[in-house]
Amino acid sequence: MAEQCEMIIGYLVPHRCDHPALGKCATCGRGYCEEHLSRTTEGLACLACQQGLDQPVALPIAAGTFSQADLDAFNRASMWDDDDRTDMFSDLS
């Protein structure tokens, strides 16, 4: 078994989880920590296999938790306008 959890985490800088691996996924055989592994009727399963993903990536989990209000806020913030005073994000470089 891997000594370190094999789940890829991080939004801006993807990296492997820092926690030690405590068990193996019954489906993919990779080692995961208790945060990224759960008990199912088929045995232990990682979050990636539970979501039907080929790669051990945790990013889709967060995207699934966004509410419609969150998505609306993201869309409003990303709209470009000729008037810089109304832009929520700007290039400061």
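Data for the structure
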quantity: Close pairs from the stretch 55-74: first modelled with pLDDT of 70 or more, partner of a type in the set (Val, Ile, Thr), Cβ under 8 Å, at least 6 apart; calculated: Gln55/Ile8; Pro56/Ile8; Val57/Ile8; Ala58/Ile8; Ala58/Ile9
quantity: Residue count for the stretch 21-42, restricted to those that are part of a loop (DSSP other than H, G, I, E, B) and either touching a Gly at 6+ places or on another chain (Cβ under 7 Å) or not acidic (Asp, Glu) (or both); calculated: 11
quantity: Some residue of the stretch 28-37 being surrounded by 13 or more Cβ atoms within 10 Å (Cβ to Cβ), more than 14 Å from Ala58 (Cα to Cα) and of a type in the set (Ser, Thr, Tyr); calculated: no
quantity: Residue check for Tyr32: modelled with pLDDT of 85 or more, aromatic (Phe, Trp, Tyr) and at negative phi; calculated: yes
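The values are calculated or read from the model by the stated rules, or taken from the named source; none is laboratory data. Quantities reported herein were computed from a predicted structural model and do not represent experimental measurements. Please note: Cβ atoms are built from the backbone with ideal geometry, for glycine as well, and neighbour counts cover all protein chains shown.
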